[in-house]
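This report concerns only the one structure given below.
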Amino acid sequence: MKKYTALAEIQSLIAQQALRLTDLLEYYFQQIEDHKHLNAFNEVFFLSAKKQAEIIQKKIDEGTAGKLAGMVIGIKDNICYQDHLVTASSRMLEHFVAPYNATVVERLLAEDAIIIGRLNCDEFAMGGSNETSYFGPVRNAADPERVAGGSSGGSAVAVQADMCLAALGTDTGGSVRQPAAFCGCIGLKPTYGRISRYGVIAYASSFDQVGTITSSVDDAALLLEVLAGADEHDSTVSEQPVPAYSQTLVPANKQKIAVLQETLESEALDPEIREAIVKGIEKLKADGHEIEYVSFDLLDYLVPAYYVLTAAEASSNLSRYDGVHYGYRNKDAKELNELYKHSRAEGFGPEVKRRIMLGTFILSAGYYDAYYQKAQKVRRLIRDKIESLLANYDAILLPVTPTPAFQIGENIKDPLVMYMEDIFTVLASLSGVPAISLPLGNNKAGLPLGIQLMAGHFHENTLLNLSNSFLK
Ligand code: GLN
């Protein structure tokens, strides 16, 4: 059982003087200690978190604390927190200290959240099981022999096992939503361009988004409200004003929801997930929402288009790790080319190398048109189709994952099997629309299941309100 599931509970205890921040922090430190075997944290920020707790408690006592006072949050280890290590779970950055704060960190700190540590993830966020981390896999608290999901596996397990109230992750093709589903949490990937990526280690820049993992919709809404909005350091962030999501959270009234038929009919879909989703649909109907099954005939193109484009972007983004500018450097190289080669060969793990090589091939003269250009066109078709659906429906419903959390070691040897696990999450990423993964109870073996909702660009409100009523 989680001790606290929403910030409001904590804040009311603090207001009644029944809880002090330093005790709250000690509680989470103890939880982290008790769940060490899950390997969720790459580092716990004991010193800076304690210092923050004292300062914020003082502000609370003086009545000047920010909106997030009382929130203890973990950040994925690809988000920069000044003067703290940030490794992207890679040997390449094992000793790299963040020289400045990511905008999301600035915004958390400005509202008095306590950052408790950095969370394990797949290396450079490339993976769907947290098994590509240089620091070892994260284990699922529901069954430690199973994966946490990825790439934000540490973020999901930290919330699942009550090691912090909430966590930040990043979602390029499902990395917030899929681990959230595997761990029974709420995972929100906002619209592309809603939240700044300044200070977030890049994987595939036309997809990467920061997202949240929480136990309550209220906290997802509050965090989005704090994190979203224009940033002079990141020109891809939209200038659109940020609604007060946490204030406008109401149970959604009659919404029109499209269920993507082919996703439920997919042979890859686990029968227990299908059954749970059908029950979820019945609940939505009973709540007065209008549900229609619609055809989506592009399902087979999602994973290929996603992997062609993200590998291409990754190969370009990761060219900066050359053993000269950043991170790991081979000590024995005698000349420059050797230095590049050995540093990259030793600093990167196999999955990252696979994608760099694939991406370099895709972008090379002669193959660019056949792969990269073509995948861009496919992306446009997918996006157009989703936009045309969202012109007629408020939301789209589909599974998050084809299966519940699989065994550690089960899929890692076959990249294609692993990539196919992303089939339902890459759709929102290719389209740039917001999507949320909601818990849907457990299967017979006790493993968490999830359901996914997508909405139109910048319609996070719709997702939050629907989620709010769905989970009640
Ligand atoms: N599993 C997907 C991949 O490996 C998604 C990762 C992510 O969203 N960062 O690319």
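On the given criteria, is Gln255 more than 21 Å from Gly66 (Cβ to Cβ), touching an Asp or Glu at 6+ places or on another chain (Cβ under 6 Å) and open to solvent by less than 10 Å² (accessible area, probe 1.4 Å)?
no
For the range 83-173, give me every one of the strands (runs of 3 or more DSSP E) that falls completely inside it and has 2 or more residues that are within 29 Å of Met454 (Cα to Cα) and within 12 Å of the chain's Cα centre (by Cα).
Answer list for the range 83-173: 166-171.
Which of the following residues is surrounded by fewer than 18 Cβ atoms within 10 Å (Cβ to Cβ) and over 20 Å from Glu351 (Cβ atoms): Gly450, Gly441?
Values: Gly450 fails: surrounded by fewer than 18 Cβ atoms within 10 Å (Cβ to Cβ).
Exactly one of Gly450, Gly441 is surrounded by fewer than 18 Cβ atoms within 10 Å (Cβ to Cβ) and over 20 Å from Glu351 (Cβ atoms), namely Gly441.
Scanning the range 182-191 for residues that are of a type in the set (A, V, I, L, M, F, W, C) and within 16 Å of the ligand (Cβ to nearest atom), which turns out nearest to the chain's Cα centre (by Cα)?
Once the filter is applied, the top-ranked residue is Leu188.
Got a number for residues in the range 192-204 being aromatic (Phe, Trp, Tyr) and either open to solvent by less than 10 Å² (accessible area, probe 1.4 Å) or within 11 Å of the ligand (Cβ to nearest atom) (or both)? Steps first, please.
Here is the first cut: in the range 192-204, the ones aromatic (Phe, Trp, Tyr) are 192, 198, 203.
Right, trim to either open to solvent by less than 10 Å² (accessible area, probe 1.4 Å) or within 11 Å of the ligand (Cβ to nearest atom) (or both) and you get 203.
So the answer is 1.
Conditions (1) modelled with pLDDT of 95 or more; (2) more than 16 Å from the ligand (Cβ to nearest atom); (3) of a type outside the set (Gly, Ala, Ser); (4) closer than 30 Å to Gly441 by Cα, marked per residue:
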site	(1), (2), (3), (4)
Glu106	yes, yes, yes, no
Ala113	yes, yes, no, yes
Glu131	yes, no, yes, yes
Gly153	yes, no, no, yes
Ala156	yes, no, no, yes
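One residue is enough: does the range 416-432 have a residue meeting the conditions among the charged types (D, E, K, R) and away from the ligand (no atom under 16 Å from the Cβ)?
No; the residues of the range 416-432 include none that is among the charged types (D, E, K, R) and away from the ligand (no atom under 16 Å from the Cβ).
Give the residue that is surrounded by the fewest Cβ atoms within 10 Å (Cβ to Cβ), with candidates limited to residues of the range 60-87 that are among the charged types (D, E, K, R) and closer than 24 Å to Asp122 by Cβ.
By that ranking, first place goes to Asp77.
Which residue is nearest to the ligand (Cβ to nearest atom), if the candidates are limited to the range 158-181 and must be crowded, with 24+ Cβ neighbours inside 10 Å and under 20 Å from Lys36 (Cβ atoms)?
Taking the candidates together, the pick is Pro179.
Just one of the numbered conditions (1) open to solvent by 80 Å² or more (accessible area, probe 1.4 Å); (2) assigned to a helix (DSSP H, G or I) is not true of Glu272; which one?
The number of the failed condition is (1).
What pairs come up if the first residue lies in the range 403-431 and is assigned to a strand (DSSP E or B), the second is open to solvent by 30 Å² or more (accessible area, probe 1.4 Å) and more than 12 Å from the ligand (Cβ to nearest atom), and their beta carbons are under 8 Å apart, counting only those six or more places apart or on different chains?
Gln407/Glu145; Gln407/Arg146
Let me confirm something: among Asp219, Asp234, which residue is touching a helix residue (DSSP H, G or I) at 6+ places or on another chain (Cβ under 8 Å), acidic (Asp, Glu) and open to solvent by less than 10 Å² (accessible area, probe 1.4 Å)?
Values: Asp234 fails: open to solvent by less than 10 Å² (accessible area, probe 1.4 Å).
Going through Asp219, Asp234 in turn, just one is touching a helix residue (DSSP H, G or I) at 6+ places or on another chain (Cβ under 8 Å), acidic (Asp, Glu) and open to solvent by less than 10 Å² (accessible area, probe 1.4 Å): Asp219.
Kindly establish whether Met126 is of a type outside the set (Gly, Ala, Ser), within 16 Å of the ligand (Cβ to nearest atom) and buried (at least 24 other Cβ atoms within 10 Å of the Cβ).
Yes, satisfied.
The values are calculated or read from the model by the stated rules, or taken from the named source; none is laboratory data. Predicted model, so just to flag it, every value in this text is computed and none were measured. Don't worry about glycine lacking a Cβ; one is built from the backbone with ideal geometry, like all the others, and counts go over all protein chains shown. These area figures cover heavy atoms from the full protein model, side chains too; ligands, DNA and RNA do not enter into them. Shrake-Rupley method; radii C 1.70, N 1.55, O 1.52, S 1.80 Å.
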